[in-house]
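A.B. asks: Mind having a look at this structure? Questions to follow.
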Amino acid sequence: MRRWLLIVLVLCTSSCGLTQGLTKSEGLANYHPLLLTATKSKGDILTQEGLDYLREGSFDKFLSSMREALIFYSADGEKTSDIYGYIGNAYLEKNEYDKALDYFNQSLSASKKSRYHQGIVLATVGIANCYKKIGDPDKAIEILAAAPKENNDASSDHPLVALSLGENFAQKGDLSQALAIFNKLLSGIKSYKDDKLKQSVYSSLGTTLLGLNRYEEAIANYQHALDLARKSFNTADVVDLLNNIGFCLVSLKKYDDAAMAFKEGLGLLAVMDLYYPEKQMYANYGLGLLNEEQNRNTQALLYYNTAIRFIEDLRGKLSSTEFRSFFLANKIAAYEHAIDILLTIGGQTLDDSRLNEMFHKAGLSPAELAFFYAESTKARSFLELLSKTKTGTLADRIPKELAEQEKKLLNIIASIQAAGGDQSKSQKELLKKSKRELDELIVKLRKDYPDYASIRYPEPVTAGNIPLRGNEVLLAYKVNPGKTYLWIIEKDKKTSAIEIAVSREELIRRVGEFRGFLENPGSLEAYDPEKGHALGRLLLGEALSRIDPAKNIIITPDGVLNILPFEALTVGKTSNTGQYLGEKYKISYYPSASVMATMRRFKESPKLSNPLFALGDPVYDDSDLRYSPKESGNIALAAADKTPGLNLRSAVIKSGFSLPRLPETRDEVLRIGELFGYKTNNPNIKLDMDATKSELLKSNLGNYRFIHFATHGILSGDIPYILEPALVLTQPGNRNPDDGFLKMSEILELKLNADTVVLSACKTALGKEIAGEGVVGLSRAFMLAGSKSVIVSLWSVESNSTAVLMKSFYSHLMKPGRSKEEALRLAKQELKNQSLISDDLSRGVKIVGRDKKTQASTDHPFFWAPFILIGEWE
């Protein structure tokens, strides 16, 4: 596991110094003085001057020179492209990914207009590097695949494209493919005229060898790269390579040499007064790592804490939600190591004044600081997006004088930052002063007006600030590489932490094995209750002995625990005499404690004019008798479009998948409607050809208390051309561009006030798991759209039993005093005691010709356990 940790860290720095390569400007991207032609233009002089400034660390002067050079190059598309590329790479070095991406896109546009082949290659690589640096190699590889080939040879990638592809494959863990690419580049390295390209080949090869545990070979290649970086006086690259060598030396347990490498890089930045937070973060992380391995935990913790400060500073500068979502994925190790140490020293007497000062400043115990770090790795982008949706509720939340002070400071900061590099010395001082005053104001707001501050300036919540009720207990998990931790938090009680002796790898195996028995209808008879009993003892044995069984348990899972239905675990002395956890305890979930705190602090209860919106039994096929093409007239229909990207239903059929009708969903939504007093043909229930996306979007969903979908659910990749989770609505007869799929991105645009959204479909609790975020899918989309809670499924569900469960849920929910959690729990218990004839109508995608399974009894967890409640349980 350490090997993979290091390769992720090092890959982020191995080629960040790679800039433009050899361009028509004769390698100006190398950031050092070069001889230009004898007839240098004013633009050439300004370009060289700017690159000299950048080499010296004067970013503002570099930017000013480059912007002036653009004026002289206004008629030269190739050199304009180069300038935009230089600026993009400079911002990339500063970890300002949004600005870097913008300049690379401008470079690409200029190159395409002037048909500048080399410029197109360089800009494409720059764009890919933005995504690689924030931890999304898949997106980077997708971008690189579109880059033009070398010498119009379809089988030959440009060296820079090949280099970037290799780095991204290595970052994904595909080391064999990366090594093949780098060895091929190495074989032709003597023919490269650009030292920067040579340096990057050596560096990337070193990183791949590190991932293969070939540390000495890795250091040799890094040393070649370091010599070239020193030759070009490229401080940023020198520091990166010193960090890379340091990590290799840590792996070889040459701790003194490793410490020298990390400190040399930090010292170089200090001497030159340069601020590169990502490079400084990795150096401090490396110093923490080597101290921890030598059992110098106090020193290690201080270094990790410094690394975390740099990470938070970097993340705070990102404006792109996409970049923020992936940012922590390859930087999360610093938090995890800090948590390990904090919970190790939690019960010890501290004799180090620096640690005592750190705890005193934070106002937290070691266990509480560890919880804060754990929260810092969960649902961060979700928290920030959620906070943005609540900003409309902030009016009059703080005194007028504080609001005016805040507005003034924010306006000053925004106006000066808008000037970019064109800032005078006095403006820079004013900016620094205004930021300091704003930080002081935020501290005051967090203390005196915490509700306002949590929305305006969202950050992970501390254990003492979670708005728990007296009848609740929070169980917060963090799955680290070597251990798993559980915090027990209750109102007005001291926070406690439990160390669970199971590694991430082992927990993934055990949860996967347990789920395998639950979600596969073909292995119901092989279900072993002991698996659930053993997992229940491991994850909850000690915790349940400490808490009142009458309290509502709110679980914030982590990692693989996001896909575990805790209700299906068993508790008791033996698996034969025990109960399912969901029978004895009241359980609900939240993505993180911070998300829960934000939702509760601004819990709005608008008057809603309609109790229920329900959609079910859509039309999936042209052959369905409910669909009449004649009624469509001459309207251009999606069904008639032969382009796969536009006619997704045709793509589904051609790919061998079918979407069978779910007739029982008709009865499901009609019966639920009856509970709310709805009569036949009520417009709040959409069936048949009315269950379309256009009809859904025309409905004012913000006026409904409950929203219910009974249909097929799909994940990214289940159907060709659907690259995000979605609900399947009526397919035939859609006007372009309606495609019959309600996708996650479209759900985010909805404006809801619902108490609950129920997704009576398959796998609606699943999605893409991102380190530092958790599972990103339909449940979060509906919560961000405004729903207080969602009921979603963890696997493909059987349709008849699901219909019974849902009707029972609403029946219980309609009774006075019943909470959503209790209604769902009682509905599950009723389903367990029934017998149904199953037609194997799965509400997910099924392959044509799959054998049908039948099951008479529904007491198996496969039928009742997949649905969970996320969000507010009341």
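A.B. asks: Across the stretch 228-261, what is the total count of residues that are in contact (Cβ under 8 Å) with a residue 12 or more places away in the chain, more than 19 Å from M281 (Cα to Cα) and not polar (S, T, N, Q)?
C.D. replies: Total satisfying the criteria: 6.
A.B. asks: Being in contact with a Ser or Thr (Cβ under 8 Å, 6 or more places away or on another chain), of a type in the set (A, V, I, L, M, F, W, C) and modelled with pLDDT of 85 or more is true for just one of A614, A597. Which residue is that?
C.D. replies: A597
A.B. asks: Got a number for residues in the stretch 590-607 being open to solvent by less than 10 Å² (accessible area, probe 1.4 Å) and under 13 Å from A476 (Cα atoms)?
C.D. replies: 6
A.B. asks: A further question on this structure: Closer than 27 Å to L92 by Cα, small (G, A, S) and in a helix (DSSP H, G or I): is that true of A300 in this structure?
C.D. replies: no
A.B. asks: Filter the stretch 51-90 for residues that are under 19 Å from A110 (Cβ atoms), open to solvent by 10 Å² or more (accessible area, probe 1.4 Å) and in a helix (DSSP H, G or I) and give the result.
C.D. replies: Across the stretch 51-90, the qualifying residues are R67, E68, L70, I71, F72, G77, E78, K79, T80, Y84.
A.B. asks: Still on this structure, please answer the following. Which residue, of K132, K112, is surrounded by fewer than 18 Cβ atoms within 10 Å (Cβ to Cβ), basic (K, R) and under 34 Å from the mean Cα position of the chain (by Cα)?
C.D. replies: Being surrounded by fewer than 18 Cβ atoms within 10 Å (Cβ to Cβ), basic (K, R) and under 34 Å from the mean Cα position of the chain (by Cα) holds for just one of K132, K112, which is K112.
A.B. asks: Residue pairs, Cβ under 9 Å, 6 or more apart or interchain, first in the stretch 513-525 and closer than 12 Å to H860 by Cβ, second modelled with pLDDT of 80 or more and open to solvent by 50 Å² or more (accessible area, probe 1.4 Å). List them.
C.D. replies: Qualifying pairs under 9 Å: F517/K531.
A.B. asks: Right, next: Return a yes/no flag: does the stretch 135-146 have any residue that is open to solvent by less than 40 Å² (accessible area, probe 1.4 Å), part of a helix (DSSP H, G or I) and touching a residue at least 40 places away in the same chain (Cβ under 8 Å).
C.D. replies: no
A.B. asks: Sticking with this one: I'm told R510 meets every condition in (1) within 30 Å of P861 (Cα to Cα); (2) loosely packed, with under 13 Cβ neighbours inside 10 Å except one. Can you identify the failing condition by its number?
C.D. replies: (2)
A.B. asks: For the stretch 154-185, what are the residues that are hydrophobic (A, V, I, L, M, F, W, C) and open to solvent by 50 Å² or more (accessible area, probe 1.4 Å)?
C.D. replies: A154, A180, listed by residue number.
A.B. asks: Surrounded by 15 or more Cβ atoms within 10 Å (Cβ to Cβ), among the hydrophobic types (A, V, I, L, M, F, W, C) and free of Cβ contacts under 8 Å to residues at least 40 places away in the same chain: is that true of A225 in this structure?
C.D. replies: yes
A.B. asks: Please go through the stretch 262-307 and pick out each residue that is among the aliphatic types (A, V, I, L, M) and either open to solvent by 10 Å² or more (accessible area, probe 1.4 Å) or more than 21 Å from D237 (Cβ to Cβ) (or both).
C.D. replies: Hits for the stretch 262-307 are L266, L268, A270, V271, M272, L274, L289, L290, A300, L301, L302.
A.B. asks: Please determine, by comparing only the residues of the stretch 856-871 that are crowded, with 20+ Cβ neighbours inside 10 Å and not in a strand (DSSP E or B), which one is modelled with the lowest pLDDT.
C.D. replies: Only one residue tops the list, namely T858.
A.B. asks: Any chance you could count how many residues in the stretch 470-488 are more than 25 Å from I508 (Cα to Cα) and assigned to a strand (DSSP E or B)?
C.D. replies: 2
A.B. asks: Would you be able to tell me the number of residues in the stretch 489-510 that are free of Cβ contacts under 8 Å to residues at least 40 places away in the same chain and in a strand (DSSP E or B)?
C.D. replies: 1
A.B. asks: Hey, can you tell me all the residues within the stretch 538-555 that are of a type in the set (K, R) and open to solvent by less than 40 Å² (accessible area, probe 1.4 Å)?
C.D. replies: K551
A.B. asks: So, one more: Under 9 Å by Cβ, and 6 or more places apart or on different chains, what pairs join a residue from the stretch 687-703 that is touching a residue at least 60 places away in the same chain (Cβ under 8 Å) with one that is open to solvent by 50 Å² or more (accessible area, probe 1.4 Å) and of a type in the set (S, T, Y)?
C.D. replies: Pairs that qualify, where the first residue is touching a residue at least 60 places away in the same chain (Cβ under 8 Å) and the partner is open to solvent by 50 Å² or more (accessible area, probe 1.4 Å) and of a type in the set (S, T, Y), are N703/S609.
A.B. asks: Another question, then. Kindly establish whether N213 is open to solvent by less than 10 Å² (accessible area, probe 1.4 Å) and modelled with pLDDT of 90 or more.
C.D. replies: no
A.B. asks: Looking at I181, is it of a type in the set (A, V, I, L, M, F, W, C) and under 17 Å from I141 (Cα atoms)?
C.D. replies: Considered against the rule, which asks whether it is of a type in the set (A, V, I, L, M, F, W, C) and under 17 Å from I141 (Cα atoms), I181 comes out as yes.
This table checks each residue for (1) at pLDDT 90 or above; (2) acidic (D, E); (3) surrounded by 24 or more Cβ atoms within 10 Å (Cβ to Cβ).
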position	(1), (2), (3)
C762	no, no, yes
M814	yes, no, no
L826	yes, no, no
I837	no, no, no
V848	no, no, no
W873	yes, no, no
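A.B. asks: Something else about it: Of the conditions (1) of a type outside the set (S, T, Y); (2) out of contact with any strand residue (DSSP E or B) (no Cβ under 8 Å at 6 or more places or on another chain); (3) farther than 14 Å from F706 by Cβ; (4) assigned to a helix (DSSP H, G or I), E821 fails just one. Which one is it?
C.D. replies: (2)
A.B. asks: Being of a type in the set (D, E) and in contact with a helix residue (DSSP H, G or I) (Cβ under 7 Å, 6 or more places away or on another chain): is that true of D227 here?
C.D. replies: It is false that D227 is of a type in the set (D, E) and in contact with a helix residue (DSSP H, G or I) (Cβ under 7 Å, 6 or more places away or on another chain).
A.B. asks: Modelled with pLDDT of 90 or more, of a type outside the set (V, I, T), under 21 Å from T495 (Cβ atoms) and in contact with a Lys or Arg (Cβ under 8 Å, 6 or more places away or on another chain): which single residue out of D548, D558 fits that description?
C.D. replies: D558
A.B. asks: May I ask you to say which residue of A162, A170, A178 is assigned to a helix (DSSP H, G or I), hydrophobic (A, V, I, L, M, F, W, C) and touching a Phe, Trp or Tyr at 6+ places or on another chain (Cβ under 7 Å)?
C.D. replies: A178
The values are calculated or read from the model by the stated rules, or taken from the named source; none is laboratory data. What you are looking at is a predicted structure, and each value in this text was computed from that prediction instead of being measured. Glycine also receives a Cβ, built like all others from the backbone with ideal geometry; neighbour counts cover every protein chain displayed. For the accessible areas, the whole protein counts, side chains as well, though only heavy atoms, and no ligand, DNA or RNA atoms are used. Shrake-Rupley method; radii C 1.70, N 1.55, O 1.52, S 1.80 Å.
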